[in-house]
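Remarks on the structure that follows.
Read-outs throughout are calculated quantities, based only on the coordinates presented, and are distinct from any laboratory measurement. As the structure is a computational prediction, the values presented were derived from the model and not from experiment. Cβ placement follows ideal geometry from the backbone for every residue including glycine, while neighbour counts extend to all protein chains displayed.
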2 protein chains.
Amino acid sequence: MAQNVYDNQDFFKEYIQLPRQVEGLDGTPEWQDLQALIPNPKGTNFLDLGCGFGWVGRWAREEGAESVLGVDVSEKMLSKAVGFPTDSCVTYVQADLESFELPINKFDIVFSSLTFHYLKGLPVLISGIYRSLTPGGALVFSVEHPIFTAPRNAKFIEDAEGQSIWPLDSYLSEGSRTTNWLAEGVIKQHRTIATYVTILLEAGFTLSAIIEWGPSLEQVKESPQWADERKRPPFLLMKAIKGNSS
Amino acid sequence: MAQNVYDNQDFFKEYIQLPRQVEGLDGTPEWQDLQALIPNPKGTNFLDLGCGFGWVGRWAREEGAESVLGVDVSEKMLSKAVGFPTDSCVTYVQADLESFELPINKFDIVFSSLTFHYLKGLPVLISGIYRSLTPGGALVFSVEHPIFTAPRNAKFIEDAEGQSIWPLDSYLSEGSRTTNWLAEGVIKQHRTIATYVTILLEAGFTLSAIIEWGPSLEQVKESPQWADERKRPPFLLMKAIKGNSS
C-alpha cells in the first residue's frame, strides 16, 4: 500500500492551510492550464483519482457531468470533501489507488492532480485506467515535475554570483525520495518525464498534450515570490487519449 | 540562416577530434539506443538532416536502404563525409536546414542527430519533415537535453557538501543560449521537452518513443568520468510517426 501521509495529523494540519485547500481551484495556479486539457465534462462519467476535498469533481458536476466518482486514500481528506460520503453531486470512495479495482469501459474522463508521484505501482494503475476508459476517453493528470522531485536536496541554493539555482542531481536515478514537506519523511517516487510518457504509451495511450508548468510572466508579476518557479517547473501536466487523438 | 559554427576554423579543429568524429558510431555512446528507435532501413528512402561525416547514412545504406540523402549546412563537414559529394552509397547536399525545401511524400525515415537545437525555425522544418514522409514514416532524432541547454552557466558546480550538482535555472525561459563549447560564442536554442513534443504533435505526428539519455550504469563502470552525466541527461531522443503508431 502507498504511504498515506494525509492521515498523519501533523501533515494534515499544515496541509489544509495551503492556499489550494483553503481557496480550492481559485488558489491553484496551474488549474487554468490543467482545465484547458480536460474535455468538456457535459454528459460524461468522470473519475477523479486522489480527489482530496473534491474540488475538481464538483467542478465537473457543475459543468454537467452525468456522474462523478472521487477516490482518495485519506479518510481525513474525504471527511472534509464537499458532500462526503455522497450527495447529488459526487460519490466518494476511500481506497488505496495501488490496489483499487477500476470498472471496465466506464469513464469518459479520468483526472488526477498531484497524486501519481506518490505511487510505486503506477504502471499497473495506468493500465487499469486505460481499460476503465471508454474508446476516445481521456486521462488528464498532473504530477510534481521530475526536475522538482530529482535532487537529494530539493531546495534552491545560491551560486557563486549569488543567483538562486536549482541543485539538480540524480535525475536519471529513479525511485523513492524522502522529503520533509509539511511533515517529516514524506516519500515520493521520482520518475523521469520519459518514464511517465513511456508508461502511457506502453499502456496503449496516445499522448495528446504535455505541459511543463510554471507560473506565467503575468502570474510572477502578480506574485513576485513565484519568480524562482520559472527556473525549474514545479508541475508536469499531461493528456493522453485511449485510441488515436485525431 | 542558422549559425554555421562548423565552418569556423577553431571550432572545426576541435570538433573533428571528438571521439564520435574520430571513431564514428563506435565513439557515440547514445548510438545503440538511438539505433533501436530507427525502423529497419532495408528498402527505404532515408534522409539524414545534419549528416556531418555521414556515419549514419552509411550505416543505413549498409542495412539496405534504397536511397540515402545527407544534408548538412557545413561545407567543411561534408568535404570529410564518406564518398562526398556522392557515391554509390549516399548523396550529399549542402544546405541550410532553416530554408531547405524537402520533397513531398518521399522519405520513409528521417533522421537527425544533435542538430535541431541549433535551429530557430524548428517548427517549420518539422512540418516540412512531416510532409516529406510517406504515410507511416518515422522521424527519429536526438538533441541536447533541455536540462543541459537551460542554465546560464552550464557547468557542474559543487554544493555545500562538496557534491557536484547541475546549476539549473531559466528552464522555462526559452530562446538562445551562447556557450563556449569548443569555440567562443556557439549559439544554441533552448526549448523545453514539452515544446519539442508540442511541435511534433502540432505538425500532425504521433509520439512513439522518448528517451532522456544518459550513460547506463554499465557504461559508467567502463567510463567512470561519465558518472555526472547520470545527474542530468545530456541528450534527448525521440521517435515520431506520421499517422497512428498502432
For chain A, modelled as a Gaussian network with Cα springs under 10 Å, which listed residue fluctuates most, A:GLY57, A:GLY128, A:GLY137? A:GLY128
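Share of antiparallel DSSP beta bridges in the protein assembly as shown, in percent to the nearest 5?
Just about 60 percent of them are antiparallel.
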If you find the alpha carbon centre of the stretch A:60-123 and of the stretch B:163-224, how far apart are they in angstrom? 36
Residues with beta-carbon under 11 Å from that of A:GLN3, excluding A:GLN3: net charge, scoring Lys, Arg +1 and Asp, Glu -1? -1
Semi-axes of the equivalent ellipsoid for the protein assembly as shown, Cα gyration tensor, largest first, Å: 43, 27, 19
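Hey, what D do you get for chain A in µm²/s if you plug the Kirkwood alpha-carbon radius into Stokes-Einstein at 20 °C and 1.002 mPa s?
Stokes-Einstein gives a translational diffusion coefficient of 115 µm²/s.
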Which percent of Cα-Cα pairs in the stretch A:3-61 sits in each 10 Å bin, short to long? 19, 47, 27, 7
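Find out how many positive minus negative residues lie around B:VAL73, taking Lys and Arg as positive, Asp and Glu as negative, among other residues whose Cβ is under 11 Å from that of B:VAL73.
-4
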Step by step: find N for the stretch B:88-179, compute 2.2 N^0.38 Å, then divide the Cα radius of gyration by it. What's the final number? 1.46
Per residue, how big is the convex hull of the stretch B:32-119 when only Cα atoms are used? Give it in Å³. 94
If you put +1 on each Lys and Arg Cβ and -1 on each Asp and Glu Cβ, how big is the dipole of the stretch A:82-171 around its Cα centre, in Debye rounded to 20? 320
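Nearest-5 percent of antiparallel DSSP beta bridges in chain B?
Numbers: 23 of 41 bridges.
For chain B, the DSSP antiparallel bridge percentage is about 55.
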Given H placed 1.01 Å from N in the peptide plane, which residues other than close sequence neighbours of B:ALA154 have an amide H under 5 Å from its amide H? none
Starting with the fewest neighbours, write out A:ASP10, B:ASP159 ranked by other beta-carbon atoms found within 10 Å of each beta-carbon. A:ASP10, B:ASP159
When B:CYS89, A:CYS51 are ranked with the fewest other C-beta atoms within 10 Å first, the list becomes B:CYS89, A:CYS51
Binned Cα-Cα distance frequencies in the stretch A:195-246 - 10 Å width, integer %: 24, 34, 23, 17, 1
How far is helix B:122-132 tilted off the main Cα axis of chain B, in degrees rounded to 10, range 0 to 90? 30
Pairwise FRET efficiency - A:ALA160 versus B:LYS42, Cβ, R0 = 56 Å, nearest 0.05: 0.55
Along its principal axes, what span do the Cα atoms of the stretch A:167-215 show, with the longest given first and each in whole Å? 38, 27, 21
Given label points at 7 Å from Cα along Cα→Cβ, what nm distances, shortest first, separate A:GLU158 from the same residue in every other copy? 1.9
Around B:SER112 (Cβ within 13 Å, Cβ-to-Cβ, excluding B:SER112; K/R +1, D/E -1) the net charge comes to -2
Final fewest-first order of B:ASP7, B:ASP108 on the 10 Å Cβ neighbour count is B:ASP7, B:ASP108
Can you pull the Rg over Rh of the stretch A:106-246, Cα-only, Kirkwood? 1.02
Test of understanding: in a Gaussian network model of chain B with alpha carbons linked when under 10 Å, which of B:TRP213, B:TRP181, B:TRP59 would top the mean-square fluctuation ranking? B:TRP181
Too long for a 23 Å Cα-Cα cut-off, among B:LYS42/B:LYS239; A:LYS242/B:LYS42; B:LYS42/B:LYS106, are A:LYS242/B:LYS42
